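Heads up, the thing below is written out as C-alpha cells.
Just so it is clear, none of the values below were taken in a lab; they were calculated from the coordinates. Fair warning: this is a prediction, and the values are worked out from it, not measured in the lab. Neighbour counts run over all protein chains shown; Cβ positions are idealised from the backbone, glycine included.
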Amino acid sequence: MVIVAGHLMVDPEQRGAYLAGCVGVVEQARRAGGCLEFAITADLVDAGRVNIFERWESQAAVEAFRGSGPSDEQGAAILSASVAEYDVADIRALT
C-alpha cells in the first residue's frame, strides 16, 4: 500500500476556487483502479492550507493515475507544497 499525504499552500482568498477546481480530480481518482481513498480538503485552522490524503493499493496504481500532475491552472495557484509518498509495510486497524 502507498499513502500520499501532505499539504499545499494557496492564497487564502483563492482556496475555495482552488478546491472547486479539484472536484473532478477527486472524482476521477476515486474511480481509478487501485485507489482506496482520495481527499483534497480545506484545513480547519489555516485559511491558505489544503490537505492532501491518498491511499493506493500499489505504486503502480499511483503512477497509472498520476500522469502529468496538476493542471497548469492548479499549479499556478500553489504557493508551496509539502507532499510525500509513504510505502506501508503493515496495517493495524484502530476500530
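Miscellaneous remarks
- If both residues of a DSSP beta bridge must be in the chain, then about 100% of such bridges are antiparallel.
- Taking amide H as placed 1.01 Å from N in the peptide plane, the amide H of His7 sits under 5 Å from that of Ile52, Ser82, Val83, each at least 5 places away or on another chain.
- The calculated 222 nm mean residue ellipticity attributable to helices in the chain amounts to -9500 deg cm²/dmol, summing -39500 (n - 2.57) over DSSP H runs of n ≥ 4 and dividing by all residues.
- 0 to 90° range, to nearest 10: angle between helix 15-31 axis and the chain longest Cα axis: 20 degrees
- Qualifying trypsin sites (Lys or Arg not before Pro) in the chain, where qualification requires a DSSP coil assignment and no more than 14 other C-beta atoms within 10 Å, comprise Arg92.
- Ala39 paired with Tyr86, simple spin-label distance in nm, labels 7 Å along Cα-to-beta-carbon: 1.4 nm
- Within the stretch 6-77, the proportion of C-alpha pairs whose separation exceeds 17 Å stands at 44%.
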